[in-house]
Amino acid sequence: MKSKIRKSWAEPYKIKMVELLQMTTATHRKKVMQEAGFNTFLLKSADVYIDLLTYSGTSAMSDRQWAGMMLGDEAYAGSRNFYHLEEVVQNCYGYKYLVPTHQGRGAENILSKILIKKGDIIPGNMYFTTTRLHQELAGGKFEDIIIDEAHDPENEFPFKGNVDLNKLEKLIKKHGAHKIPYVSMATSVNMAGGQPISMENLRALRALTKKHGIRVIHDMTRVAENAHFIQQREKGYHNKPIAAIVKEINSYTDGATMSAKKDALVNIGGFLAVNDWDVFEEARNMVVVYEGLHTYGGLAGRDMEAMAIGIKESLNDDHIHARVGQVIYLGEKMMSYGVPIVKPIGGHGIFVDAKKFLPHIPQHQFPAQTLAAEVYLDSGVRTMERGVVSAGRKANGENYFPKLELVRFTIPRRVYTQAHMDVIAESTARVFERRNKIKGLKMIYEPKYLRFFQAKFQPL
Ligand code: F0G
């Protein structure tokens, strides 16, 4: 007889060291939020209780990673930690050539400069802020080819990160394959709420791009979380280890940019990895201009060592199940209070649907920015806007008005406990209770690039 008792996941580690948190009062939070111009990016970390601004570079490293830091070989050239990292990238990820960079956007810069010519089209399964900007700065134009389901927070399709191959074919027909240097394919699509792409879709993407001689470049920042969803949801993958699924995903692509600050469990680091010698040769040369010599790319030897160890830990099945399990726990708790969130729950955080949460605030009054500020005011939990502010402006100066107007609650890896998740859900539910009284914001300062980082607002 199958038992009806729930079988819980638990963290596959125990805690060896703790960092004390700052508790704040409502009066203090009000004051500092005003000073920060209602932008959670401009808060001081010392004023934050639970920090869900990002899961980028905020993971807890393991004792093994810390031990690895002591093995840093800080030689300017040919550090042994580089060769260790190279070996891990080749063995675990299956890419041939590695160029380390200080973080993901360093790799995006180099790759975009090498592959994109002025007037090129770069189709992708939804944009990411830095990725698209580097494509544009290199003279390209991003075209969104994610399936329509991804733009609908309520749609429960299990692979909302999938590429719409019809949209891609239309672009190829319209512009010609020679205008498309590569398809920018992300796993666990960030801006869609951490939604995975299926192996079936990837295989079809590979077949179509191969026919036209178009590369697939993989934003593999959260490939392990995507592999988890393939394992849970896709036929034929139930018994496959995460490590094997990751390698299969990568095998359908020609190269990757990586922000190791996510999946790979380090506080800083990234890389470009490619299979094509020509692209590698140029990248290895160009990295010297923007990051540092090709055997360190802006990183200390110890950072590369921690990354090599972190990559291996990130592919452990128990690790990834607990990681995503914690995110799902938080999402289910929020839903139990009626809080509208993007479904299905993604791998790296909960995305609250601000349009549904604050339907009386029009998008030009920044509902998601407002909601992020309100959650902080309630409890000191820091989150991030992912809506009209993040989307920025088009080349002609008009605002992008994205369909998704979200507040992102991203969960750092191995950092917070289930009790923290309860506090976060309860705080969001309290704000939800008084949602009708909340008013929108007016933007009073707007920087030119990636405005969400530094923009300032005033309550209406
Ligand atoms: N690609 C994706 C999918 C990302 O999520 C990020 C960063 C990058 C590229 C850029 O990498 O930060 O190392 O330069 N995302 C962080 C976030 C900042 O909070 O979502 P980076």
Rounded to 0.05, the calculated FRET efficiency for the beta carbons of Asp278 and Ala75 at R₀ = 25 Å is 0.35
Counting only residues 5 or more apart in sequence or on a different chain, those whose built amide H sits under 5 Å from that of Arg386 are Leu406, Val407, Arg408
Could you tell me which GluC sites (Glu not before Pro) in the stretch 62-105 are loop residues by DSSP with no more than 11 other beta carbons within 10 angstrom of their beta carbon? Glu74
Leaving out ligands and nucleic acids, note down the accessible area per residue over the chain with a 1.4 angstrom probe, in whole Å². 43
Once phi is turned into ³J(HN,Hα) by the Karplus curve 6.51 cos²θ - 1.76 cosθ + 1.60 with θ = phi - 60°, what whole-Hz value does each residue of the stretch 42-53 show in order, with x for glycine and proline? 9, 7, 7, 4, 5, 8, 9, 8, 10, 9, 10, 4
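Give me the extension gain from Lys211 to Gln418: residue separation times 0.36 nm, minus the current Cα-Cα distance, reported in nm with one decimal. Please list the in-between numbers first.
Values: separation 207, 0.36 × 207 = 74.52 nm, distance 4.80 nm.
Answer, rounded to one decimal: 69.7 nm.
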With a point put 7 Å past each Cα toward its Cβ, work out how far Thr27 is from Gln454 in nm, to one decimal. 3.4
Mean separation of Cα contacts under 8 Å (at least 6 apart) over the residue count of the stretch 244-343, i.e. the relative contact order in percent, is 21
HN-Hα J couplings of the stretch 360-376 from phi, Karplus 6.51/-1.76/1.60, θ = phi - 60°, integer Hz, Gly and Pro as x? 7, 9, x, 4, 6, 9, 6, x, 6, 4, 4, 5, 4, 5, 5, 5, 4
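From the Cα gyration tensor of the chain, with a ≥ b ≥ c the square roots of its eigenvalues, which class applies: rounded if a/c is under 1.5, or else prolate if a/b is larger than b/c, or else oblate?
Rounded, since a/c falls under 1.5.
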Treat each spin label as a single point 7 Å out from the Cα along the C-beta direction, and report the Glu87 to Glu154 distance in nm. 5.4
Of the heavy-atom accessible surface of the chain (probe 1.4 angstrom), what whole percent is carbon and sulfur? 53
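Can you give the FRET efficiency to the nearest 0.05 for His360 and Val289, using r as the Cβ-Cβ distance and R₀ = 45 Å?
Values: r = 50 Å, r/R0 = 1.12.
The value I calculate is 0.35.
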Determine the gain in length on full extension of the stretch Tyr337-Lys96; use 0.36 nm per residue of separation and subtract their C-alpha separation, reporting nm with one decimal. 82.0 nm
So, with points 7 Å from each Cα along the Cβ direction, the Trp66-Lys240 label distance in nm works out to 3.6
Using amide H atoms built in the peptide plane, which far-off residues or other-chain residues are under 5 Å from Asp263 H to H? none
Charge tally in the Cβ shell below 12 Å around Arg206, where Lys, Arg are +1 and Asp, Glu are -1, Arg206 excluded: +1
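Taking a ≥ b ≥ c as the square roots of the Cα gyration tensor eigenvalues, with a/c under 1.5 meaning rounded and otherwise prolate when a/b beats b/c, else oblate, which class fits the stretch 63-314? Before the final figure, lay out each step's value.
Numbers: a/c = 1.99, a/b = 1.31, b/c = 1.53.
Oblate.
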The chain: longest segment with zero exposed chymotrypsin sites (Phe, Trp or Tyr not before Pro), where exposed means DSSP loop plus at most 16 other C-beta atoms within 10 Å, is residues 77-336
In terms of modelled amide H atoms, which long-range or inter-chain residues lie less than 5 Å from the amide H of Asp219? Met185, Ala186, Thr187, Thr257
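Taking a ≥ b ≥ c as the square roots of the Cα gyration tensor eigenvalues, with a/c under 1.5 meaning rounded and otherwise prolate when a/b beats b/c, else oblate, which class fits the stretch 125-259? Kindly include the intermediate steps, with their values, before the conclusion.
Details: a/c = 1.56, a/b = 1.44, b/c = 1.08.
Prolate is the answer for the stretch 125-259, as a/c is 1.5 or above and a/b outweighs b/c.
In nm, what is the difference between 0.36 nm times the number of residues separating Glu169 and Glu426 and their Cα-Cα distance?
On the way: separation 257, 0.36 × 257 = 92.52 nm, distance 4.59 nm.
87.9 nm is the gain from fully extending Glu169 to Glu426.
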From the phi of every residue in the stretch 347-359, what ³J(HN,Hα) in whole Hz does the Karplus formula 6.51 cos²θ - 1.76 cosθ + 1.60 yield, where θ is phi - 60° and glycine or proline is x? x, 10, x, 9, 10, 7, 7, 6, 5, 7, 5, 10, x
Measure out, as a whole number of angstrom, how far apart the alpha-carbon centroids of the stretch 305-359 and the stretch 377-418 sit. 15
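The values are calculated or read from the model by the stated rules, or taken from the named source; none is laboratory data. Nothing here was measured: the structure is a model prediction, and the numbers come from that model. Glycine also receives a Cβ, built like all others from the backbone with ideal geometry; neighbour counts cover every protein chain displayed. What goes into the accessible areas is simple: the full protein's heavy atoms, side chains included, and nothing from ligands, DNA or RNA. Shrake-Rupley method; radii C 1.70, N 1.55, O 1.52, S 1.80 Å.
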